[in-house]
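These notes are about the structure you will find just below.
The values are calculated or read from the model by the stated rules, or taken from the named source; none is laboratory data. Everything numeric here is computed off the predicted structure, so don't read it as measured data. FYI the Cβ positions are ideal-geometry reconstructions off the backbone, even for glycines, and counts take in every protein chain you see.
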Amino acid sequence: MKKLFLLLALIPVMQLAYGQGSVGQYPALDINKNNSWDPILQQNAAVIEGDTIGDLRFQGFVLDGYYHPAAKIRTYVSGPVGNNTVPGNLIFMTGTPWPVMRMTVAHEGNVGVNTFDPSELFTVSDETPVVRWEKNGLNAMDYELYGGPDGGLFFRGGADDHGPGLTDYMVLTAIGRLGLGTNTPDQLLTISDESPVFRLESDAADDYEIYNDSGNLLFRGGADDTGTGLTDHMVLTGEGSLGLGTTDPQRLLTVSNADRPAFLFERGSDYMELAVGDEGHLYFQGGTDASVDLDTLMVLKPEGKLAIGTIETPDDAGGIDISAYTLYAAGGVLTEEVRVRTGWADFVFAPEYPLRDLKEVEAHIQQHGRLPEMPSTAQVEAQGLELGHNAVDQQVKIEELFLYVIQLNKDLQALQLENAQLKAEVERLKERE
C-alpha cells in the first residue's frame, strides 16, 4: 500500500506529533503523538494521562489576513497508559474566536454534551439542560426534555416553537413526584386536566380508564375503545358515596346491575353470596361451587318479610290469614327464650266469668275429643299453632281447673261438715238407748 506522509500544514499539533495518511482499499489518517526523547531508554517517551494527542482544526481565512478556527476536534489521554493501550477521549469544540468544548465521547463510550466527564451513556450538562426532538414540516410537533431551576425534569412540546413557547406536559420533581398536566404535583402522581383520564390499555384484552368528572372519580372499561365508548363500572362521588354498576349512588354504597348484583364472600372452598333477585328480593346464599347457583339460605323481601330455609312467605295457612307475618322459617328453631307480648288469662278469676259446668265440659270432651276453645289436631296440622294465643288458652284452662278444684274443695268441706253433724247425732241416739 502506498503511503503518503503529510506535513500537517492544516492540522497544527504539538511539537512531537506527526500525521500519516494512506490511500488504497482502506485509507486512513493517523495522528501520532509521543513525548520527548528518553536518553535512558533510548526511545521516545510514552504519552501520559492528560496529554493532548492531537487536534483536527477547521479554520477559515478572514478579513485580517489570517486563518481563524471555527471548530476543532481534539483527542487527549484520559487515563493511565498501558503497555499497548491508550485510553482517550474525543472532544468536539466550536465557537469563536476560540472554540470551546461542546461534546465529549469518552473512551468507554459515554457521550456528554457540554461536559468533559459524561457519567452515563448520554449525559447533558447545563444550568438548564435541554434535549430537543424536532420534526421538519409546517405545524409539526416538537418536543423538549429539560431540567428546571428547582431540580425538576420537565417534558414540553408544541408546534414550530421552542423553550417557553412550548407547553409543559409532564414534570418529575426533585422529591420524586410525577405531574401530568401540572408543574406542581401535590402527590406522588398528580394528573391535572379539565377531564383528567388515566388509561390502562391491553393489546389482547379489555381497556380501562380512571377519570375525574365534575369532582367524581369514575372507573370505566371495554374492548378496543376509549372515552365514552367504554362502560362506566364504578364511581366514587365527591361526597364519598361509592357506586358499583351505577354513576348515581344514592347511599354510601350502592350496587346496581340488571343481572342480580351480588357480593361474594370466599374462604377456601366455601362461598357466601348476597344478591338481589329480579323481583327485588335480597338473597343470602351459600355453597362450595361459585361457578353455579348457590343454595338459597335466607331471603328478605321488599315488604319486610324474612324467610329462613325457604323462599316462600304464604299469606294463608289452612284458611287463616297470615299475611301480616314477617318471619318464616323452614325446619326447627332453637332458641334460649321466646318472649310473646299478648293478653293474659286473668279475666278467668273475674266474678262474672262464665265458668262452664263440668257436665258441659264432659259432654264436649265426649263429643269432640278435646277441651272447649282448644284447636283440634287437624287444625294444628293445617293452620299451625299460634304460640302466644295457645299459651293464653292453656292458662285459661289451668285457671278454670283451679276454679273447679276450689269449688270441689268447698263441696268437700260442706260434706265433711254434714258428715260430722250426722255422726254426732248418731252418737246422741246411741246414748239414749
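Loosely packed, with under 10 Cβ neighbours inside 10 Å, under 27 Å from Val380 (Cα atoms) and modelled with pLDDT under 90, is that true of Gly304? No; evaluated as a whole, the condition is false for this residue. The residues of region 368-393 that are loosely packed, with under 11 Cβ neighbours inside 10 Å and either touching a Ser or Thr at 6+ places or on another chain (Cβ under 8 Å) or modelled with pLDDT of 95 or more (or both) amount to a single one, Gly369.
With respect to His107, determine if the residue is over 28 Å from Leu166 (Cβ atoms), assigned to a loop (DSSP other than H, G, I, E, B) and of a type outside the set (Lys, Arg). Step through it out loud before you land on a result.
Working: over 28 Å from Leu166 (Cβ atoms): yes; assigned to a loop (DSSP other than H, G, I, E, B): yes; of a type outside the set (Lys, Arg): yes.
Taking the combined requirement at face value, the residue satisfies it.
Summed over region 269-289, residues that are surrounded by 16 or more Cβ atoms within 10 Å (Cβ to Cβ) and in a loop (DSSP other than H, G, I, E, B) total 1.
Summed over region 135-165, residues that are within 34 Å of the chain's Cα centre (by Cα), charged (D, E, K, R) and exposed (fewer than 14 other Cβ atoms within 10 Å of the Cβ) total 1. Contact annotation: no residue pair with Cβ atoms under 9 Å, 6 or more positions apart or on different chains, pairs a residue in region 131-157 that is without any contact (Cβ under 8 Å) to a residue 60 or more places away in the chain and more than 15 Å from Thr167 (Cα to Cα) with a partner that is outside any loop (DSSP other than H, G, I, E, B) and among the basic types (Lys, Arg).
Looking only at region 229-252, decide whether some residue is more than 22 Å from the chain's Cα centre (by Cα), farther than 30 Å from Gln285 by Cα and either part of a loop (DSSP other than H, G, I, E, B) or not acidic (Asp, Glu) (or both).
So the first thing to find is which residues in region 229-252 are more than 22 Å from the chain's Cα centre (by Cα), and the list is 229.
Still in the running and farther than 30 Å from Gln285 by Cα: 229.
Now restrict to residues that are either part of a loop (DSSP other than H, G, I, E, B) or not acidic (Asp, Glu) (or both): 229.
Yes, because at least one residue in region 229-252 is more than 22 Å from the chain's Cα centre (by Cα), farther than 30 Å from Gln285 by Cα and either part of a loop (DSSP other than H, G, I, E, B) or not acidic (Asp, Glu) (or both).
Scanning region 20-66 for residues that are without any contact (Cβ under 8 Å) to a residue 24 or more places away in the chain and touching a Lys or Arg at 6+ places or on another chain (Cβ under 9 Å) yields a count of 6. The single condition among (1) within 20 Å of Ala330 (Cβ to Cβ); (2) in contact (Cβ under 8 Å) with a residue 12 or more places away in the chain that Pro261 does not satisfy is (1). Annotation: of all residues in region 244-268 being at pLDDT below 90 and among the polar types (S, T, N, Q), the one that is surrounded by the fewest Cβ atoms within 10 Å (Cβ to Cβ) is Asn257. Scanning region 69-108 for residues that are loosely packed, with under 13 Cβ neighbours inside 10 Å and not aromatic (Phe, Trp, Tyr) turns up Pro80, Gly82, Asn83, Asn84, Thr85, Thr96, Pro97, Val100, Glu108. Residues Val77, Val113, Val86, Val81: which one is without any contact (Cβ under 8 Å) to a residue 24 or more places away in the chain and at negative phi? Testing whether each residue is without any contact (Cβ under 8 Å) to a residue 24 or more places away in the chain and at negative phi leaves just Val113. State yes or no: is Tyr169 surrounded by fewer than 17 Cβ atoms within 10 Å (Cβ to Cβ), outside the structural domain of Pro80 (by TED's automatic domain parsing), in contact with a strand residue (DSSP E or B) (Cβ under 7 Å, 6 or more places away or on another chain) and in a strand (DSSP E or B)? Against the criterion (surrounded by fewer than 17 Cβ atoms within 10 Å (Cβ to Cβ), outside the structural domain of Pro80 (by TED's automatic domain parsing), in contact with a strand residue (DSSP E or B) (Cβ under 7 Å, 6 or more places away or on another chain) and in a strand (DSSP E or B)), Tyr169 qualifies.
Report yes if Thr128 is within 40 Å of the chain's Cα centre (by Cα), in a loop (DSSP other than H, G, I, E, B) and either assigned by TED's automatic domain parsing to the domain that holds Tyr67 or at pLDDT below 95 (or both), otherwise no. Before the answer, list the steps.
Working: within 40 Å of the chain's Cα centre (by Cα): yes; in a loop (DSSP other than H, G, I, E, B): yes; either assigned by TED's automatic domain parsing to the domain that holds Tyr67 or at pLDDT below 95 (or both): yes.
Yes.
Would you check if there is a residue in region 395-411 being surrounded by 10 or more Cβ atoms within 10 Å (Cβ to Cβ), of a type in the set (D, E, K, R) and touching a residue at least 40 places away in the same chain (Cβ under 8 Å)? Yes, region 395-411 contains at least one residue that is surrounded by 10 or more Cβ atoms within 10 Å (Cβ to Cβ), of a type in the set (D, E, K, R) and touching a residue at least 40 places away in the same chain (Cβ under 8 Å).
Which of the helices (runs of 4 or more DSSP H) contained wholly in region 354-433 include at least 2 residues that are over 30 Å from Asp315 (Cα atoms)? Working first, answer last.
On the way: elements: 358-368, 377-383, 387-432.
Result: 358-368, 387-432.
Just so you know, in region 33-68 the residues that are polar (S, T, N, Q) and not in a strand (DSSP E or B) include one that is surrounded by the most Cβ atoms within 10 Å (Cβ to Cβ), and it is Asn34.
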